[in-house]
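Visitor: Below: one structure in structure tokens.
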Amino acid sequence: MSETSDDAAIKAHVEAGLKDLCTWAAGLRFSDIPPPALSQAVLILGDNIAAALSASDEPELRAYHERLVANGGAQQATLFRRDAPRMAMIDAAVGNGLAITWNELDDGYTRTAVHPGALSQPLILAAAEAGNLPMSATLRATVGAYEIGTRFARAWPGTLPRLHPHGVYNAVCSAAGLALLRGYDARQLLHALSAAATMVSPGPYSHPIEGALVRNAWPAAGAWLGQFACDMASLGIAGTPAGPYDVYTRGLGAPVKPAELTDRLGGDWTICDGYHKLYGACHHSHAAMEAIENLLACRPELRGGKNVKSVLMEGSAMAMNFNNAAPATTLGAKFSIPHALAATLAHGADAPGNFLDQSLRDEAIIALRTRVSMAQLSHVKPWPLDRPARVTLELDDGSTLVAECEAALGSPARPLDALRVLQKIGELAERDAPGLAAAVVALREAIDTGQPVATSCRDWIAGFFA
């Protein structure tokens, strides 16, 4: 494929940006990271571990975890489930990678859609535990991988809405985390990222909407690919210095914004710019769910959908994609705004079973889904107010109720305070890892008060299950 002079100039800009990003990340010291970013990293780790634990009883995931346990092998790292079995590092990373987004309760980043925590942390945690590395090294890798993942997604936002970020950035995010954990220099880190970029999974965004459960496997695949890319990089087996341009722009057709690779690098910490979820559904449904809850707070007799003739949800252009009114899998339910709104009407937005396996057979939800219609709002504000909703309930007597939510609670525009995230972590982990919330609190307190972060990742994780 021939390259024009314009292509060559842009590619050179990308190469320079990637080298600067890798130089910065490889040189990042734990002491360089401000306490608010470190404290947020701990909160995100806890939130994502709790999200993985919450899915352990889903039948497909449980079956895969039981297969990993049966394989035996070296007891290097923990699989996040009730009995906390230990296994080979990469098996734990893959098993936790399969679980981490299963219930759609992991953290995310909305300036451009990507989940760098879910894509990098299964491998970071498993490798740090297996190597008995300190939490200071674990947190450095966590923050650095988040920064690299968000920078890639901001540089190539045009992969959306055709491709899902879990596939487009899975190998890159996990390779970034492991390379930083291993202490790769800038050249080795660039080798790892350039190799990983060629191994990404071009998973269609339509797959989760249609309920294809393979979407939950993309973070797991990324964990394996990230390790492989780092192993190759350590041997000098790499891509080209501007290889991500060839993959994302020339291959996947996404225009690039090279400046995003380094803009305010080390000044703005993207790990402080994300969101936490209250509800186990695609984030594009959250504002509408909250709007319905606001209506029901004034009209509690409507709970269960009684006397509700129809529901109109108006939202962004992106939200219009999530219109599958008859999802066949739990993932399809999580990416179905009709299902989310029906479940909210029937049981409340925070009902624990709304998007789990039993919800697919819930007669109240099934009946209400058919009453939901969707339409695009004529005007939507820029980020972080780009996921609004207006909900209109038409009642049997012909009257209507309307509520608007400009940004859902938990989004960057209305962030959850740490206490509410800790409450969520405690609730999700109470049965299987009762010490998780306390471990998160203790580590954040050490950071916030300037105490040395002396505990190892292995001991920190062991404390969850004690």
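The values are calculated or read from the model by the stated rules, or taken from the named source; none is laboratory data. What you are looking at is a predicted structure, and each value in this text was computed from that prediction instead of being measured. Quick reminder, even Gly has a Cβ in these numbers, built from the backbone with ideal geometry, and neighbours come from all protein chains shown. Surface accessibility is based on the protein's heavy atoms, side chains included, excluding ligands, DNA and RNA. Shrake-Rupley method; radii C 1.70, N 1.55, O 1.52, S 1.80 Å.
Visitor: Tell me whether the range 325-343 contains one or more residues that are hydroxyl-bearing (Ser, Thr, Tyr), out of contact with any helix residue (DSSP H, G or I) (no Cβ under 8 Å at 6 or more places or on another chain) and modelled with pLDDT of 95 or more.
Guide: At the first step, the residues of the range 325-343 found to be hydroxyl-bearing (Ser, Thr, Tyr) are 329-330, 336.
Now narrow it down to the ones that are out of contact with any helix residue (DSSP H, G or I) (no Cβ under 8 Å at 6 or more places or on another chain): none.
No, the range 325-343 has no match at all.
Visitor: Moving on to the next point. Does VAL247 meet the test of being more than 30 Å from LEU38 (Cβ to Cβ), of a type in the set (Val, Ile, Thr), over 17 Å from the mean Cα position of the chain (by Cα) and not in a loop (DSSP other than H, G, I, E, B)? Give the steps one after another, and end with the answer.
Guide: Values: more than 30 Å from LEU38 (Cβ to Cβ): yes; of a type in the set (Val, Ile, Thr): yes; over 17 Å from the mean Cα position of the chain (by Cα): yes; not in a loop (DSSP other than H, G, I, E, B): yes.
Criteria met by VAL247.
Visitor: Looking only at the range 420-457, which residues are assigned to a helix (DSSP H, G or I), more than 23 Å from ALA141 (Cβ to Cβ) and open to solvent by less than 20 Å² (accessible area, probe 1.4 Å)?
Guide: Hit for the range 420-457 is LYS424, nothing else.
Visitor: Regarding LEU38, is this residue farther than 23 Å from ALA438 by Cα and open to solvent by less than 40 Å² (accessible area, probe 1.4 Å)? Don't jump to the end; show me each part of the working.
Guide: Details: farther than 23 Å from ALA438 by Cα: no; open to solvent by less than 40 Å² (accessible area, probe 1.4 Å): yes.
Judged against the criteria, LEU38 is not a match.
Visitor: Continuing with the same structure: Quick one: which of GLU427, GLU404 is over 27 Å from SER316 (Cα atoms) and charged (D, E, K, R)? Walk me through how you get there before you give the answer.
Guide: On the way: GLU404 fails: over 27 Å from SER316 (Cα atoms).
None of the others qualify; the one that does is GLU427.
Visitor: Restricting attention to the range 64-87, which residues are part of a helix (DSSP H, G or I) and open to solvent by 40 Å² or more (accessible area, probe 1.4 Å)?
Guide: TYR64, GLU66, ARG67, VAL69, ALA70, ASN71
Visitor: Restricting the first residue to the range 83-97 and requiring it to be at negative phi, which pairs with a second residue that is open to solvent by 20 Å² or more (accessible area, probe 1.4 Å) and among the charged types (D, E, K, R) meet a Cβ separation below 6 Å and a spacing of at least six or different chains?
Guide: No pair meets every condition.
Visitor: Write out, first by first residue and then by second, each pair whose Cβ atoms fall under 8 Å of each other, whose residues are 6+ apart or on separate chains, and whose first residue, in the range 71-82, is in contact (Cβ under 8 Å) with a residue 24 or more places away in the chain while the second is part of a strand (DSSP E or B).
Guide: Close Cβ pairs (under 8 Å, with a partner that is part of a strand (DSSP E or B)) amount to GLN76/ARG86; GLN76/MET87; ALA77/ARG86; ALA77/MET87; THR78/ARG86.
Visitor: With the condition kept exactly as written, say whether any residue in the range 196-212 is over 16 Å from GLY239 (Cα atoms), buried (at least 24 other Cβ atoms within 10 Å of the Cβ) and in contact (Cβ under 8 Å) with a residue 40 or more places away in the chain. I'd like the intermediate steps shown before the answer.
Guide: To start, the set of residues in the range 196-212 that are over 16 Å from GLY239 (Cα atoms) comprises 201-212.
So of that shortlist, the ones also buried (at least 24 other Cβ atoms within 10 Å of the Cβ) come out as 208.
Restricting the remaining residues to those that are in contact (Cβ under 8 Å) with a residue 40 or more places away in the chain gives 208.
Yes, there is a match, as at least one residue in the range 196-212 is over 16 Å from GLY239 (Cα atoms), buried (at least 24 other Cβ atoms within 10 Å of the Cβ) and in contact (Cβ under 8 Å) with a residue 40 or more places away in the chain.
Visitor: If I filter the range 284-297 down to residues being touching a residue at least 24 places away in the same chain (Cβ under 8 Å) and open to solvent by 10 Å² or more (accessible area, probe 1.4 Å), which single residue comes out as nearest to the chain's Cα centre (by Cα)? Even if it seems obvious, please write down each step before you answer.
Guide: Let us first name the residues in the range 284-297 that are touching a residue at least 24 places away in the same chain (Cβ under 8 Å), namely 284-296.
Subsequent filtering for residues that are open to solvent by 10 Å² or more (accessible area, probe 1.4 Å) retains 284, 290, 293-295.
Numbers: HIS284: 14, GLU290: 21, GLU293: 25, ASN294: 27, LEU295: 29 Å.
My answer is HIS284.
Visitor: Let me ask something else. Would you say LEU428 is closer than 30 Å to ALA287 by Cβ, in contact (Cβ under 8 Å) with a residue 60 or more places away in the chain, among the hydrophobic types (A, V, I, L, M, F, W, C) and touching a helix residue (DSSP H, G or I) at 6+ places or on another chain (Cβ under 6 Å)? Show your work before the answer.
Guide: On the way: closer than 30 Å to ALA287 by Cβ: yes; in contact (Cβ under 8 Å) with a residue 60 or more places away in the chain: yes; among the hydrophobic types (A, V, I, L, M, F, W, C): yes; touching a helix residue (DSSP H, G or I) at 6+ places or on another chain (Cβ under 6 Å): yes.
Answer is yes for this residue.
Visitor: Here is a list of conditions, (1) at pLDDT 95 or above; (2) open to solvent by 30 Å² or more (accessible area, probe 1.4 Å); (3) more than 24 Å from GLY167 (Cβ to Cβ); (4) not acidic (Asp, Glu), and TRP224 meets all of them except one; can you say which number that is?
Guide: Failed condition: (3).
Visitor: Out of (1) closer than 29 Å to LEU419 by Cβ; (2) of a type outside the set (Asp, Glu); (3) touching a Phe, Trp or Tyr at 6+ places or on another chain (Cβ under 9 Å); (4) part of a helix (DSSP H, G or I), the odd one out for LEU61 is which?
Guide: (1)
Visitor: All but one of (1) under 25 Å from the mean Cα position of the chain (by Cα); (2) closer than 18 Å to LEU163 by Cα hold for GLY267; which doesn't?
Guide: The one condition GLY267 does not meet is (2).
Visitor: Out of the residues in the range 98-155 that are among the small types (Gly, Ala, Ser), open to solvent by 10 Å² or more (accessible area, probe 1.4 Å) and modelled with pLDDT of 95 or more, state the one that is nearest to PRO258 (Cα to Cα). Step through it out loud before you land on a result.
Guide: Going through the range 98-155, the residues among the small types (Gly, Ala, Ser) turn out to be 99, 108, 113, 117-118, 120, 126-128, 130-131, 136-137, 141, 144-145, 149, 153, 155.
Then keep just the ones that are open to solvent by 10 Å² or more (accessible area, probe 1.4 Å); that gives 113, 127, 130-131, 136-137.
Going one step further and asking which of them are modelled with pLDDT of 95 or more, we end up with 127, 130-131, 136-137.
Values: ALA127: 31, ALA130: 36, GLY131: 35, SER136: 31, ALA137: 29 Å.
That would be ALA137.
Visitor: So which residues in the range 304-347 are assigned to a loop (DSSP other than H, G, I, E, B), at negative phi and crowded, with 16+ Cβ neighbours inside 10 Å, if there are any at all?
Guide: To start, the set of residues in the range 304-347 that are assigned to a loop (DSSP other than H, G, I, E, B) comprises 304-307, 316-317, 322-329, 335-336.
Now drop any that are not at negative phi, which leaves 306, 316-317, 322-329, 335-336.
SER316, PHE322, ASN324, ALA325, PRO327, THR329, PHE335, SER336 - these are the residues of the range 304-347 that are assigned to a loop (DSSP other than H, G, I, E, B), at negative phi and crowded, with 16+ Cβ neighbours inside 10 Å.
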